[in-house]
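The values are calculated or read from the model by the stated rules, or taken from the named source; none is laboratory data. It should be emphasised that the depicted structure is a prediction, and the values quoted were computed from it without experimental measurement. No Cβ is skipped: glycine too gets one built from the backbone with ideal geometry, and neighbour counts run over all protein chains shown.
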Amino acid sequence: MYRTEILSITNMLITELEEFCISIGEPAYRAEQILSWIYDKGVAAFDQMSNLPGDLKRKLEEKCQIFQTKIGTLIKTGDGTEKFLICLSDGNEIECVLLREDKRVTACVSTQVGCAMACRFCASGKRGLERNLTTGEIIEQVLHCKKHLLPNERLTNIVFMGIGEPLTNYDNVIRAVKIMNAEWGLGIGARHITISTVGTLNGIQRLAREGLQLNLAISLHAADDITRSRIIPSNKQTGIQHILREAQKYFSITKRDISFEYTLIDGVNASKQDAESLARLLRNIQCNINLLPLNPIEEFNFKPPYRETVNTFCRILKKHGLTVTVRKKKGDTINAACGQLRLRNINFYGKNEKFFVK
Ligand code: SF4
């Protein structure tokens with residue numbers, strides 16, 4: 001059973017835990033010991049923290065919890081991808097994915113329950129936004145992934161590309177980034193953390209001023225406003241040119257390259273003409289372009305293009321001197337496109353009912 005009335009340690013920065021330790025009559029340095037057990041050693045129970053006195057363990061048991069979430073479903077594929085459906089304490093569900101590619105082991109985390117952006121090719125936006133995730137609910141996705149690493153593996157990267165638009169849950173996302181990045185936390189370098197956005201302008205502006213060396217990925221998916229607004233409704237308010245202007249400012253402040261994500265959808269944005277338009281749009285911007293053939297979703301009519309169409313699109317961008325990577329589709333046999341597993345669970349079982357295959 002979850003104890004929602006008490007403090008969740010995964011929500012807390014070290015300074016806050018130090019203050020808490022002092023408030024219960026303990027020295028501040030206990031905070032670092034507690035966090036080391038959770039983030040370094042992956043311990044999930046206070047009674048396993050062997051360097052803490054019994055009295056402190058009892059106080060922690062009484063007033064705090066380590067995990068406020070648990071894994072409901074875990075599905076694995078042959079390509080090393082593992083997808084977790086995570087149960088939250090209020091009965092909601094989110095997803096996170098552990099992806100393996102060569103030596104790179106990446107946790108892809110969600111930031112909201114549902115999403116208000118309603119992108120037309122994405123399962124997450126289909127039922128709208130229910131609520132923001134807390135910092136702890138974001139951090140625990142990474143902890144769940146870490147528990148499933150192989151003995152010789154370590155988590156190298158974190159991407160905020162799961163359910164939700166991270167920059168509309170700004171404060172909780174930045175707190176989570178600080179915990180991921182901190183030596184007392186998960187110890188992942190900021191350059192190995194990527195925040196993906198459809199283009200929340202004030203969020204990009206705030207992020208640029210954080211003084212963090214985070215990677216920014218912009219989900220562009222079209223080179224003109226008419227096509228983009230058709231598949232990403234929020235583009236009607238932002239517009240591509242405003243997003244690109246903020247992206248360039250982000251680059252000039254942080255000196256971090258920008259990535260543009262471009263999901264290729266047959267008959268929508270994958271023609272030779274679309275490739276030429278994209279090349280014109282991005283030719284003066286220091287960036288990488290990631291092409292992703294669409295993960296097809298039963299609930300939508302969109303389809304991925306044929307491989308030759310993807311190759312032609314890529315060749316045109318390269319001919320214009322752009323840096324392009326075609327991302328392999330990973331995990332589509334387990335509904336690993338964002339929000340698909342959660343949506344499928346809701347469709348089959350109704351919200352708040354869980355199925356367990358673990
Ligand atoms: S693609 Fe991202 S921003 Fe768009 S609906 Fe899905 S989760 Fe939200």
Scanning the stretch 23-39 for residues that are surrounded by 13 or more Cβ atoms within 10 Å (Cβ to Cβ) and in a helix (DSSP H, G or I) gives ARG30, ALA31, GLU32, GLN33, ILE34, LEU35, SER36, TRP37, ILE38, TYR39
Among (1) without any contact (Cβ under 8 Å) to a residue 24 or more places away in the chain; (2) buried (at least 23 other Cβ atoms within 10 Å of the Cβ); (3) not hydrophobic (A, V, I, L, M, F, W, C), ASP225 falls short only on (2)
query = What do you reckon, is LEU216 part of a strand (DSSP E or B) and touching a helix residue (DSSP H, G or I) at 6+ places or on another chain (Cβ under 8 Å)?
reply = yes
Here the residues within the stretch 267-297 that are surrounded by fewer than 18 Cβ atoms within 10 Å (Cβ to Cβ), touching a Ser or Thr at 6+ places or on another chain (Cβ under 7 Å) and under 17 Å from THR227 (Cβ atoms) are LYS272
Being under 24 Å from LEU167 (Cβ atoms), modelled with pLDDT of 80 or more and more than 21 Å from the chain's Cα centre (by Cα) narrows LEU292, LEU322, LEU278 down to just LEU278
Counting only residues in the stretch 94-136 that are touching a Ser or Thr at 6+ places or on another chain (Cβ under 6 Å) and more than 16 Å from the ligand (Cβ to nearest atom), the one farthest from THR69 (Cα to Cα) is identified as ARG104
The strands (runs of 3 or more DSSP E) lying entirely within the stretch 45-154 that contain at least 2 residues which are closer than 25 Å to ILE6 by Cα are 70-76, 82-87, 93-101, 112-114, 129-132
For the stretch 72-84, state whether one or more residues are farther than 19 Å from LEU13 by Cβ, within 16 Å of the ligand (Cβ to nearest atom) and in contact (Cβ under 8 Å) with a residue 24 or more places away in the chain. yes
Condition set more than 29 Å from ILE66 (Cβ to Cβ) and of a type in the set (Val, Ile, Thr), scope the stretch 173-215, selection nearest to the ligand (Cβ to nearest atom): answer is VAL198
Q.
It is to be established whether one or more residues within the stretch 240-257 are under 25 Å from GLY162 (Cβ atoms), touching a Cys at 6+ places or on another chain (Cβ under 8 Å) and of a type in the set (Asp, Glu).
A. yes
Only unsatisfied item for ASN269, checking (1) modelled with pLDDT under 95; (2) under 26 Å from GLY162 (Cβ atoms); (3) of a type outside the set (A, V, I, L, M), is (1)
Exactly one of LEU207, LEU186, LEU212 is within 18 Å of the chain's Cα centre (by Cα), at pLDDT below 95 and more than 27 Å from PRO305 (Cα to Cα), and that residue is LEU212
Exactly one of ILE94, ILE71 is of a type in the set (A, V, I, L, M, F, W, C) and more than 15 Å from the chain's Cα centre (by Cα), and that residue is ILE71
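Look through the stretch 159-171, keep the residues that are within 16 Å of the ligand (Cβ to nearest atom) and surrounded by fewer than 20 Cβ atoms within 10 Å (Cβ to Cβ), and return whichever of them is nearest to GLU101 (Cα to Cα).
Here the residue is VAL159.
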